[in-house]
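For reference, the structure discussed in these notes is given below.
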């Protein structure tokens, strides 16, 4: 059988990337896709790179029966749009941030602009959709909170070390992102003339992905909760995130020990590889891989852990499809096992 | 059955792109791949984006039985390397320029640096591998000359107009290329500090793709042979070619007439579309499409015909796979019908 | 004495570039600068790269006595804003297109959106501000129409050949521009995610710089007026224009003859050089040079003439300062003779 | 009087940038410039952006009397080349790393590849050329070690906090650099196809700029020496360095207190400004400014201090000229006070 997928807001970067990746998925296909400003248009006319979708038309609402829905609405609008579908028994993967922070006050403070969560009862039920940590729970979930692109990269870089207790709680995450992480809507703010040949930090130690990283790392081990200083940077490229994570070692470890520990941790993960050399974001361009690379700085007793991925794939739409595969009982890598594009 | 492919020089851009695209081809798979400098290395270690190939190892020579071979050697070395395989009955697709110029003197003048063609008997037999023009002959060919990236773009932009006789013989082709068109070997010449934030023309009216364009256009219609002024430009991007072609109209035509004529010409071509608006190279990033767009400049009696494609796919490795599909009796689009990547 | 400059709309790309270049001009300085949305702000706060201007404040109107005014308003708004100042005896350089097309109907058709020119009496008086062609008339002018960035490049590439009568009237100009040519206001349309790794043509044979090029070339020689097919392209860089111009030769000429003719034509021009090799836009990054390079394509009887410049300097603000120097009786290169920035 | 400058290796990025910046310096001019591979060529032919230098010719050796010499030779070759000139009384600014690490063993370990320093007696005399820290000593110096581009950025971002003792000794410096930081010679390694659309870390916790940062920070305050974990990253742009520095607070401080402390520290520094918002590298493109921006992360008791500059100007050639001005008794900002280029 072929499962039926609905995409809410196919016209943002994450939505259109899901459409790109789902073309020829062996177990599921898009049967409905919404997008307010472009409703009534054919998908291939709105986005010429999706011309293969032929006369598939963007609608205002999900008007067909679907088994699962991806919501790529902006954060804050997503939970409300998903709720009626969930009530009808449709499985839901939220690519926005609405279901990520489990503590109700955290949503209010970081995401909702002071307003409480619209569906607190669903919030407690939602599973954080990072299969490297929560594969079995994702399989059973009705609602999956798809990770943010920065948290996905940072958590995968740090998780083995945090879980093993080899680092202390004071952690720095310095992340570099291509412009598409900011979403298609922000073309106005991120004109080529401003972004090209430039790098800058933004929302220094004040980005809503910080509590998300902290929450998930805290779940990996008993003891003092990690305290994460998170600084994102915008760099002149379209896709890709590079997180460089720094954590003081809690006890002396060798490089070989740490590499072994990372390899063990990701032994069964089809989409996270531990590399011998510092990885390049471009090695994951367009595919669902996350590459991680831990380095022991013996001089200073510091662990440096690097993670890279494509923010629109493993950092958004690809991750959502991986979660879908698990929720629907399909093979975890179905439709996602292709090489990256290089150069 | 699954056909067995050999790739000579998998370590250049065209060779590694063929490997990327052939992953999971439904009717053929790579069983041997050579690359002098990296022989003995695993493909996924040499090129991390191809990590899925697992323990597949690069060799010095094609050491396994193959049904078809792609040669991605530098121009001038390719014919010699292919000849013994062709003699053994292996079908051959030459991605270099060795079999493109049919007139023996042309090879000597433009390609061979004054030396004659090493296999003149094969030269006369080789078919120019642009299925939009030569599909049936490619099906029967033993040796296919895969088109150059500039000629593929330019010929597809101009062919319907030239074949219909609506333009005169004096043609200008102004082409813009991303840096990967120059090949991986030229990293030294094309450092980031030189190419970024720059555009320049090179080999003005003196590039060896000029006679190739001229030869193929001349084959489309009786009458005075086209005289093509060809100027290539290097622009700061990695992939993509944009050819803007100018030809004085031989008789008055309307825009509707020309658009209709182009649509008719490409009605059965799975990989060439006529667009309503000026196409973007990025709309073909990573896939095998060529987008063409003819405009009638009524004020000046000029046809402007634009063509765009990804130089490593429809301009090289994808085109080679399309030719392979035809030569092996597989579906023409097999393994190549996926959306482009955007943004 | 130090002349007093006013800048209308210092907050667009051309206005802020004028401010950058005028810092430490030996004969003139900015005493007033307007910019509606940022009125009241300090220039160095609005644009950190201009921090040296200290507490210089942007105003709503020119409130100080000035000797000369640069208008960098959008085309269509500029003439009206300049008229009262001109009436008061202030010399005016219009960086917009309001005074460029001398035929009143041409303004209406190409620039004014069907509306007639607001100041037709000034229109006939305005001098086209390309000193390579009109130096003496600029010296006497009250109103100078600063050339468009595409026309400046194209005319300087073609002028010697057209003036000498060595080419026929049917001319193709294929131009490639960095994104800043579109102006700061268009950040919304030209987001990084759309522009990066892409090239496309726009307004094919329908851009308002076409009649401007045609008008100025027509003034260079008696005989049939040039017919210019002009196609602009957007490429992924911030600054720089590269015009590749094609014109059939009217009579046989040698490369040496053409090179000599170009060198003679620009012998006294401080800012236009004839190069031995194809020039790079980056060789003019940030300075007021235009580099031109003519090539005879003997095979096809075609002249290929390349011109490159920085669209914000020789294509806008630097050209305006060069015109100012002439209008005020200062040295033509005053304040403008510095190397380009490379890499 | 006009001082006479010699440049050793004008053909590298730092050397040619010095030539660009020294055009029209009010108190000094280049009278000799060497460059082995291009000796005998005119500077403007070798580098078209320097065409204004007219018939100035590159030589093999400094053949003219000079008052001061800039050495832009590769690290390890510089000290030997400067020694005879210093012996003749020529003041010397070494843009390479040969005189930066004062401890003789440090040179051997980090710079010399196991070989001892060739001029240990000069090593102890050399002054580290960061005027924000050592202005008076630079004024008296015969030999100045021009800072590395990463150290200049990092030290200026951290110095006020370290000097004031508000941070502990365990410091992380995460630096992002444009490609020109790697020098012109490395075009081969850093081809456009590899660098574009990519970010990666390199020499993780093992770069020779780490001991340089540590040495200079250690000199700012008594107490336990700083332990710096330094990770450089390459990003797809030509110029610009962004250092994001992390240091745990040694005592509670407010944002206002830290901002005040930074402003006080740089009150007399003409080229280092403290910004209100996160600075962009592009705000310093082509000029000698360093912009710093400290942020207190109160949640985690961490100081985040950002520094940005143009690696070829304040990170190399501009800094060298600033040092020259001090050594020759000229105004510190002479020839260097121009706006940055934007966009």
Problem set entry | Bridge type composition, chain B - antiparallel percent by DSSP, nearest 5 | 45
Exercise. Ratio of the stretch A:76-151's C-alpha Rg to 2.2 N^0.38 Å, to two decimals?
Worked result: 1.03
Problem set entry | Dmax and Rg, reported as Rg then Dmax, of the stretch B:245-312 (C-alpha, Å) | 12.7, 38
For this session: Give me Rg over Rh for the stretch C:1-88, both radii from the alpha carbons and Rh done the Kirkwood way, two decimal places.
Result: 0.94
For this session: Ratio to report: Rg/Rh of the stretch C:292-338, with Cα atoms as the point set and Rh obtained by the Kirkwood method; give two decimals.
Result: 1.25
Exercise. In terms of the ratio Rg/(2.2 N^0.38 Å) built on C-alpha atoms, what value belongs to chain D?
Worked result: 0.96
For this session: In whole Å, largest first, what are the principal axis extents of the Cα atoms in the stretch B:150-311?
Result: 47, 29, 29
Exercise. Relative contact order, percent, of the stretch D:144-261 when contacts are C-alpha pairs under 8 Å separated by at least 6 residues?
Worked result: 47
Exercise. Taking the Cβ-Cβ separation of residue D:1 and residue D:202 as r and a Förster radius of 45 Å, what is the calculated FRET efficiency to the nearest 0.05?
Worked result: 0.50
Exercise. Rounded to the nearest 0.05, what FRET efficiency is calculated for residue D:61 and residue D:139 with R0 set to 30 Å and r the Cβ-Cβ distance?
Worked result: 0.55
For this session: Sketch the reach of a paramagnetic label on residue B:337 as a point 7 Å from Cα along Cα-to-Cβ, and name the residues of the stretch A:27-67 whose backbone nitrogen lies under 12 Å away.
Result: A:52-54
For this session: Give the angle, between 0 and 90 degrees and rounded to the nearest 10, that separates the Cα long axis of helix A:13-22 from the longest principal axis of the Cα atoms of chain A.
Result: 80
For this session: Please report the relative contact order for chain C, taking Cα pairs under 8 Å with a sequence separation of at least 6, and give it as a percent rounded to a whole number.
Result: 18
Seminar exercise, completed: Residues D:20, D:142 in order from fewest to most other beta-carbon atoms within 10 Å are D:142, D:20
Problem set entry | For residues of D:332-339, the mean tally of beta carbons on other chains within 10 Å | 3
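Per DSSP H run of at least 4 residues, take -39500 (n - 2.57); add these up for chain D, divide by its residues and hand me the 222 nm value, nearest 500 deg cm²/dmol.
-7500 deg cm²/dmol
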Exercise. Per-residue mean of other chain beta-carbon atoms within 10 angstrom of the beta-carbon, peptide B:220-230?
Worked result: 2
For this session: Using every Cα-Cα pair within the protein assembly as shown, state what percent have a distance larger than 56 Å.
Result: 21
Exercise. To two decimal places, what compactness ratio does the stretch C:1-149 give when its Cα radius of gyration is scaled by 2.2 N^0.38 Å?
Worked result: 1.04
Problem set entry | Where labels lie 7 Å past Cα in the beta-carbon direction, separation of residue A:264 and residue D:163 in nm | 4.9
Seminar exercise, completed: Partner shielding of D:15-26, taken as the mean number of other chain Cβ atoms within 10 Å, equals 2
For this session: Extending each Cα 7 Å along its Cβ direction at residue A:299 and residue D:276, get the distance between those two points in nm, one decimal.
Result: 3.9
Exercise. Which distances, shortest first and in nm, link residue B:206 to the matching position in the other copies, using label points set 7 Å out along Cα to C-beta?
Worked result: 3.9, 4.7, 5.9
Seminar exercise, completed: Inter-copy distances for residue C:60, nm, shortest first, label points 7 Å along Cα→Cβ, are 4.2, 7.1, 8.2
Seminar exercise, completed: Sorted shortest first, the nm distances from the residue C:268 label point (7 Å along Cα→Cβ) to its counterparts in the other copies are 5.4, 6.6, 8.5
Seminar exercise, completed: So the angle from the long Cα axis of helix C:318-327 to the longest Cα principal axis of chain C, reported in degrees to the nearest 10, equals 80
Exercise. Taking the Cα atoms only, what angle lies between the long axis of helix D:131-140 and the longest principal axis of chain D, rounded to 10 degrees?
Worked result: 40
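A short reminder: the numbers here are calculations on the coordinates, not readings from a lab. The structure presented is a predicted model; accordingly, all values stated were derived computationally and were not measured. As a convention, Cβ positions derive from the backbone with ideal geometry for all residues, glycine included, and neighbour counts pool all protein chains shown.
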